[in-house]
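Report on the following structure.
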2 protein chains.
Amino acid sequence: MSAKVNDDLLTERRKCEFNVEELTNYLDGGAQATQNRRKLEDKVLSTKGLFDEVPEEYLSHKEKYENAVRKAVVYYKAMKEAEDPNQTEQERANATYRSLLHAAVFKDNSPFSLHLAMFIPAILGQADEEQKKYWMKRASKMEIIGTYAQTELGHGTFIRGLETTATYDPKTEEFVLHSPTLTAYKWWPGSLAHTANYCVVMAHLYINGKSCGIQPFIVQFRDEETHQPLPGIKLGEIGAKLGFNTVNNGFLGFDQHRIPRNRMLMKNAQVLKDGTFKRSPNSKLTYGTMVYVRVVIVNGMANQLARAVTIAVRYSAVRRQSELKPDAGEPQILDYVTQQHKLFIGIASSHAFTLTAKWLTRMYQKVTADLEKGNLDELPELHAIACCLKAVTTTDTSVLVERSRTSCGGHGYMLSSNLPQIYGLVTAACTYEGENTVLMLQTARSLVKALEQAQSGKRLSPTMSYLSEKVSSRLKWDNSIDGIVKGFRRVAYGKVESAMRSMRKYVRSGLGPEDAWNMSSVQLVAASEYTSISEADIRQLQDTYEDLLGKIRPNAVGLVDAFDFRDQILNSTLGAYDGRVYERLMEEALKSPLNAEPVNQSFHKYLKPFMQGKL
Amino acid sequence: MSAKVNDDLLTERRKCEFNVEELTNYLDGGAQATQNRRKLEDKVLSTKGLFDEVPEEYLSHKEKYENAVRKAVVYYKAMKEAEDPNQTEQERANATYRSLLHAAVFKDNSPFSLHLAMFIPAILGQADEEQKKYWMKRASKMEIIGTYAQTELGHGTFIRGLETTATYDPKTEEFVLHSPTLTAYKWWPGSLAHTANYCVVMAHLYINGKSCGIQPFIVQFRDEETHQPLPGIKLGEIGAKLGFNTVNNGFLGFDQHRIPRNRMLMKNAQVLKDGTFKRSPNSKLTYGTMVYVRVVIVNGMANQLARAVTIAVRYSAVRRQSELKPDAGEPQILDYVTQQHKLFIGIASSHAFTLTAKWLTRMYQKVTADLEKGNLDELPELHAIACCLKAVTTTDTSVLVERSRTSCGGHGYMLSSNLPQIYGLVTAACTYEGENTVLMLQTARSLVKALEQAQSGKRLSPTMSYLSEKVSSRLKWDNSIDGIVKGFRRVAYGKVESAMRSMRKYVRSGLGPEDAWNMSSVQLVAASEYTSISEADIRQLQDTYEDLLGKIRPNAVGLVDAFDFRDQILNSTLGAYDGRVYERLMEEALKSPLNAEPVNQSFHKYLKPFMQGKL
């Protein structure tokens, strides 16, 4: 921020009508939290060896991984050293979370991320007290590096379809893990290929030939000294992907691999020495880890969208192009209403998702605390909401990040803008941890059930209660915020009701309920609009909308500045605080190894003989 | 296709209700054309050295480029040798085009593509007869490799804003090319960085201090023997991008670089020795190359969408997942109506775009033939249509390719599926050769103009004539194809009329026409719906839609098989004809260089000391 700031950005910041620092504090959770976060950033970002010499995008696939392991180690230690012992764990978590420091280090992601985000939470959620004590001691010090292996080559979201078997052998008191088919191979887990040496494996438990459902097992698969795969283990990486290439996603197959009985995580279901199976007291309890990860995802989407929108808005304030009026000079592209339309929805959504993520996190903390006391009442609602918000925020974020990227024209296509990489990260979230169409249909199921309950006079949970409100089917249009909220409720109600009506019609026509559900599922996922809005109403809304775009315009840069992302965290030629867009584009281009020599060897080897007709 | 075919795909092909080969012939332009294309494919695809040993995605940025140059040379020669001298040029072009052979060789694209798609067309369209003779002789033999440099770091679609200057010096009869600022650097042209040695440069011509508009110049910028950049030339590559990384996009700056007078392409405007400037007889003539490239793009979108949809539909026939009914086994995911909804729109659009591209190509050929005879009447309509179809097909293709990708779940995220790469190629087309929002607004301008003409009783061109039809504002809904077409026309008419009304309102309120245009531009680009469709109509449409999905279902695989893409052209683990999806995923994964060693060196270097607390 010391360099000269672009004049247009200076003007934007002068025009801003609100106190940016106040909004930053609000997003952080108070002025003290902002200070804590900035202190943490100062400390960590001054660590040596944390950044790339050659930008990652120029390395080979293998080099990218090796470089990421190097940085992951440096980063982990830097974070440990920066820990403030005077802060509570919650304060530390907030600062870490909001700072998005890992994004400064990994344009992609860390090969340790699964250890922290899945392995440890799985132990905390699924291990019994003795197991937890033993494994957490090793995992928290990173004596071992773990991951979480659920998805298989042939099965993802449909967990019951998993093919990996764990057969209990009471003679030796061991489980025998086995991959009976190619499609049974574990496929996708991050860190699995060459980084981790332990993992939690979800496998279908059989005792005396009887299915006992999908259960979690902790499995060592590499030697701790040599890192060689253990006997009975087939292991490798799954290959290059659209993103997450430094995360080291792997595959894992078992050939009758034996593990001791105490490696099944037994907080919920248990297998006794003699092979007696004790079912989990409550099936809802297995939701735990899944819900936690979805809460993390919703927070992540809010942050990634905020980054993308910050980059695009700042670039749009700097970029001047075309003409609005003859001889008036080229305007900032942010002055085009079409550009405002593209970006301001992104600004609004990034703030809305940030607040939603906070709300969901608080709800999660409350329900988890209740769980400790044995109160499971709100778990189903938390599950439904986390499931729905995961699907909605990942879908919307993907669209809005991509819109931010294309709103930057050709320069948004450059990897140095960081927008393609952010898209790679967020679009993956539409698929992992529950494919969005499946989750949307789960949400639809909850909604249909709730509507049926409402129609039979039952009381609904707070987040569903709008389905039992008496809404007149011909709502009079009202252009206030309250009116718009009512309009949305009417549309939501109409969609659910219409899909239900359609299902009932199919059932009357002789279809079974499952086929009727399938036939109506397009309506359940997306849907046409159910509102009695008129052309005149639309015109009025359009006017209001155009009016609002104009009100946001002077505050656009302030609204993204408030996210307070440092340049290293945005990691973008287009989005830096000072707006030196073109200088940065050129500086980054010059880092390409192809620019180290004026003539590439391929000229002498292929081009010259070819052009001279000698090849 | 010799290997065993997946059972589900066999069943799909048996169920198909139409003759697939007939549709293939229709798409090719007759049975003979299909045969020609297949013969060409046989010849070219049997060439040695045309394919990668290590999949491209594992190479470094530099290696990718070098490998692409190697293949480009082999491919160019293979295509030349495969030429059938008995075919007309048009037959050859058709076969080459439909075969999409370059996609078998380059998952990304060729470093020679700009030579063929832009440099040669620019010479043909802009050079005078003498220049054409000289340059085409060299270019067609590839004695020289060329590109086309228009876009600059600071200016893209707004051509008048280009900053590169060409100042005529009558004393030496030379033009002096200069880049006065950093933003004046040419930025983006493919092949420019290390491949080409000549290019057509668009620069702002000045004679005696007077502006003479943007003109084309042919410029040598590398020595033909040594390939070193010439004096006064600053050259390099622009760095890594979301796609097109083997295309070798470059930057180019001029420091008072002199070229002879005859290097300005003078088919249209001319500069005489003494500095006299002769304006182009008709400004429409400069449209030529631009329109040609947009026709190519529309064809390309049809093909790329067809590839993506072929991959996704075949995968959806092979993939089985979840349950529709208890204990009925896992259905093909193609049986889920939500999946049909995602993919069948893609199937329909890929066929519709293929036919649209053929229609546009014929229109282009007719207008070009008319031009030769001096008849320019239909040029503006061709320009408007090409402009609109470029924007519409690239926008829709991007959305539909991405939908195809996500419809394949996690496996669509693998680069071995080829879906991410196809997306990288098509989304770029939303920006290059005219940014889509700008083109949509140009289309809107044509529509508003046409509506005004219609309202003042003038006759409209055939493609606009629906704007002068008397449409009743309360169209009665009619669920036939004709009725749906009428419905769309009504909506289109309504959108244009409403945007115009909104503009007029802004003008009345005191805004200048440009500001009014800007304020209304969101409506002009996207828009709310203008139709009097009722809830009951929507329900009926929904029923028809669900019914149609069911009719397409048995023919889905046949409809994509008809595109007749060979496995090498699809280049996808998920889309091959035989449906061996999982086997291919594993085979491709094993090609990752990371899988060559069971333990990566980063374990010894970083992980082990870190895990043992020694780092």
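Quick notes
- With one equal scatterer per alpha carbon and no solvent term, the Debye-computed log10 I(q)/I(0) for the range A:366-519 at 0.18 1/Å reads -1.17.
- Dimensionless Rg/Rh of the range A:247-309 - Kirkwood Rh, Rg from C-alpha atoms: 1.17
- For the range B:552-570, backbone nitrogen atoms closer than 14 Å to the point 7 Å from B:ARG13 Cα along Cα-to-C-beta are found at B:557-567.
- Taking other residues whose beta carbon is less than 13 angstrom from the beta carbon of A:ASN86, and scoring Lys, Arg as +1 and Asp, Glu as -1, yields -2.
- Two tests apply to each whole DSSP H helix in chain A, Cα reach of 20 Å or more along its axis and mean Kyte-Doolittle hydropathy of at least 0.5, and the ones passing both are A:288-318.
- Unit charges at the beta carbon, dipole of the protein assembly as shown: most positive-side option, A:ILE385, B:THR183, A:TYR413: A:ILE385
- For the pair A:THR47 and A:ARG160, the difference between a 0.36 nm per residue extended length and the Cα-Cα distance amounts to 36.1 nm.
- Summing Lys and Arg as +1 and Asp and Glu as -1 over all other residues whose Cβ lies under 14 Å from the Cβ of B:LEU389 gives a net charge of +1.
- Model label points for B:LEU324 and B:LYS458, set 7 angstrom from Cα along the Cα-to-Cβ axis, are 5.5 nm apart.
- Gyration tensor over the Cα atoms of the range A:302-419: the corresponding equivalent ellipsoid has semi-axes (square roots of 5 times the eigenvalues, largest first) of 41, 12, 10 Å.
- Size descriptors for the range B:116-280 (Cα atoms only): Rg and Dmax, in that order, 14.9, 47 Å.
- Those residues of the range B:60-104 whose amide nitrogen sits under 15 Å from the label point placed on A:LEU615, 7 Å along Cα→Cβ: B:64-80
- Cα pair distances exceeding 50 angstrom across chain A, given as percent: 17
- Between A:GLN365 and A:ARG38, the FRET efficiency from the beta-carbon distance, with R0 = 25 Å, is close to 0.55.
- Translational diffusion of the protein assembly as shown, µm² s⁻¹ [Kirkwood Rh, Cα pairs; Stokes-Einstein; 25 °C; 0.890 mPa s]: 75
- A point 7 Å from Cα along Cα→Cβ stands in for B:VAL485, and the other copies hold the same point at 4.8 nm, listed in rising order.
- Aspartates and glutamates whose Cα lies under 13 Å from that of A:LYS171, excluding same-chain neighbours fewer than 8 positions away: A:ASP274
- Distance from the C-alpha centroid of the range A:425-470 to that of the range A:37-97: 38 Å, rounded to the whole angstrom.
- Working from label points 7 Å from Cα in the Cα-to-Cβ sense, the B:ALA348 to A:ALA93 distance is 4.8 nm.
- For the protein assembly as shown, a crude dipole built from +1 on the beta carbon of Lys and Arg and -1 on the beta carbon of Asp and Glu, taken about the Cα centre, is about 820 debye to the nearest 20.
- Label point of B:THR172 set 7 angstrom out along Cα-Cβ; within the range B:249-270, amide nitrogens under 14 Å from it belong to B:255-262.
- Across peptide A:30-41, the mean count of Cβ atoms from other chains lying within 10 Å of each residue's own Cβ comes to 0.
- Modelled label positions at B:TYR134 and A:ARG258, each set 7 Å beyond Cα in the direction of Cβ, lie 8.5 nm from each other.
- Innermost chain A residue relative to the axis carrying A onto B, by Cβ distance in angstrom: A:SER60, 2
- Each of A:PRO260, A:LEU235, A:THR276 was scored by the projection of its Cα onto the charge dipole of the range A:116-280, and the greatest displacement toward the positive side belongs to A:THR276; charges sit on the C-beta of Lys, Arg, Asp and Glu.
- Around the Cα centre of the range B:116-280, unit charges on the Cβ atoms of Lys, Arg, Asp and Glu (plus for the first two, minus for the last two) sum to a dipole of about 400 debye.
- Cα centroid separation, the range A:549-566 to the range A:262-284 (Å): 53
- Here B:LYS373 yields copy-to-copy label distances, from shortest upward, of 8.9 nm, the label point defined as 7 Å from Cα along Cα to C-beta.
- Partners of B:LYS71 within straight-line reach, counting lysines whose Cα lies under 22 Å from its Cα and excluding those fewer than 8 residues away in the same chain: A:LYS605, A:LYS608, A:LYS614, B:LYS39, B:LYS43, B:LYS48, B:LYS62, B:LYS80, B:LYS107, B:LYS141, B:LYS241, B:LYS591.
- The range A:355-409 versus the range B:355-411: alpha-carbon centroid distance in Å: 41
- Using a 7 Å Cα-to-Cβ projection, A:GLY49 label spacings across copies, nm, ascending: 4.5
- Two-site FRET efficiency, A:GLU83 against A:LYS358, from Cβ-Cβ distance with R₀ of 30 Å, rounded to 0.05: 0.85
- Fewest neighbouring Cβ atoms within 10 Å first, the residues B:CYS199, B:CYS387, A:CYS16 line up as A:CYS16, B:CYS387, B:CYS199.
A short reminder: the numbers here are calculations on the coordinates, not readings from a lab. The shown structure was predicted, so the numbers you read here are calculated from the model rather than taken from an experiment. Virtual Cβ from ideal backbone geometry, glycine too; neighbours counted across all protein chains shown.
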